[in-house]
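The values are calculated or read from the model by the stated rules, or taken from the named source; none is laboratory data. Keep in mind that this is a model prediction, so the values were computed, not measured. Don't worry about glycine lacking a Cβ; one is built from the backbone with ideal geometry, like all the others, and counts go over all protein chains shown.
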Amino acid sequence: MSTFVSIVIPAYKEGEAILPVLDRIVEAVTLPHELLIVVDFPDDPTVAVVEAYGDDCVRALVNTYGRGPANAIRYGIDQAQGSVLVVTMADGSDDPRQIDDLARLVERGVVVAAASRYSGSGQQVGGPLFKSLMSRMAGLSLGLVGRVGTRDATNSFKAYSAAFVKEVGIHSRYGFEIGLELTAKARRLRLPVAELPTIWLNRAEGESNFKLKQWIPRYLRWWAFAFGRTLTVQQVRDAAERIEAIKPSK
């Protein structure tokens, strides 16, 4: 039986800009799947576009956990039916042709499969220079020194074992740091993480919702957490609750 994949996309006022992203995913993914586009409020213009899309596998969900990408991703994951969870972005920056391959890695036993801009033939095209440098430095330090299993732990485009996510939980509540959080948790549990090179393209339309100054402290805390001795699942959850208890900067 083929793996069933739940693809979660947090979206904010994308409207018709979401259409080419949906088209590319539906065309590219061959595994049985559902595509969950999660918005923060019912009158987000993305909802009408998704509901009119005409594919039973594609659904719009309204997040009830609180606004922001982390809550949207958490909500989508909690509604997902798949044994493999894939998080990808609504801006078209990720390559949907890799969703099958990332899911197959999870099917083979890794708990996190990362699309990596910083390994092999991977590449990042466009985007703010400072954000790119910070991401690259964090990824390479975690990959080479922290031995987390990927050189791009900060990239949101990843596939996860649903059983692993359920076991360790998601504690992020603010930005896009969930990919780093779950990679760090896998490392502290000494669970397998793998990567595939990817080419990331900066969005062609609209504006990014990434709040660099506000979210960097959250990334740094999860970056630091990835280094350290082996922990139990309960120890990981306890440490994650302490990290999340630190209030975000304004």
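Summary of values
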quantity: Pair list, Cβ < 8 Å and 6+ apart or interchain, from segment 138-163 residues that are on the phi > 0 side of the Ramachandran plot and in contact (Cβ under 8 Å) with a residue 40 or more places away in the chain to residues that are assigned to a loop (DSSP other than H, G, I, E, B) and buried (at least 21 other Cβ atoms within 10 Å of the Cβ); calculated: 149/110
quantity: Residue ID - surrounded by the fewest Cβ atoms within 10 Å (Cβ to Cβ), chosen from residues in segment 32-66 that are among the charged types (D, E, K, R) and over 13 Å from residue 8 (Cβ atoms); calculated: 56
quantity: Checking residue 19 against (1) surrounded by fewer than 19 Cβ atoms within 10 Å (Cβ to Cβ); (2) closer than 18 Å to residue 159 by Cβ; (3) of a type in the set (A, V, I, L, M, F, W, C), the condition it does not meet; calculated: (2)
quantity: Residue check for residue 195: in a helix (DSSP H, G or I) and at pLDDT 95 or above; calculated: no
quantity: Residue among 110, 148, 125 that is among the β-branched types (Val, Ile, Thr) and touching a helix residue (DSSP H, G or I) at 6+ places or on another chain (Cβ under 7 Å); calculated: 148
quantity: Test: residue 135 is at negative phi, polar (S, T, N, Q) and modelled with pLDDT under 95; calculated: yes
quantity: Subset of segment 141-180 that is of a type in the set (Ser, Thr, Tyr) and more than 20 Å from residue 76 (Cα to Cα) - its residue that is surrounded by the most Cβ atoms within 10 Å (Cβ to Cβ); calculated: 150
quantity: Enumerated helices (runs of 4 or more DSSP H) restricted to segment 1-104, each holding at least 3 residues that are within 18 Å of the chain's Cα centre (by Cα); calculated: 19-28, 69-79
quantity: Of residues in segment 105-123 being β-branched (Val, Ile, Thr) and outside any loop (DSSP other than H, G, I, E, B), the one farthest from residue 156 (Cα to Cα); calculated: 106
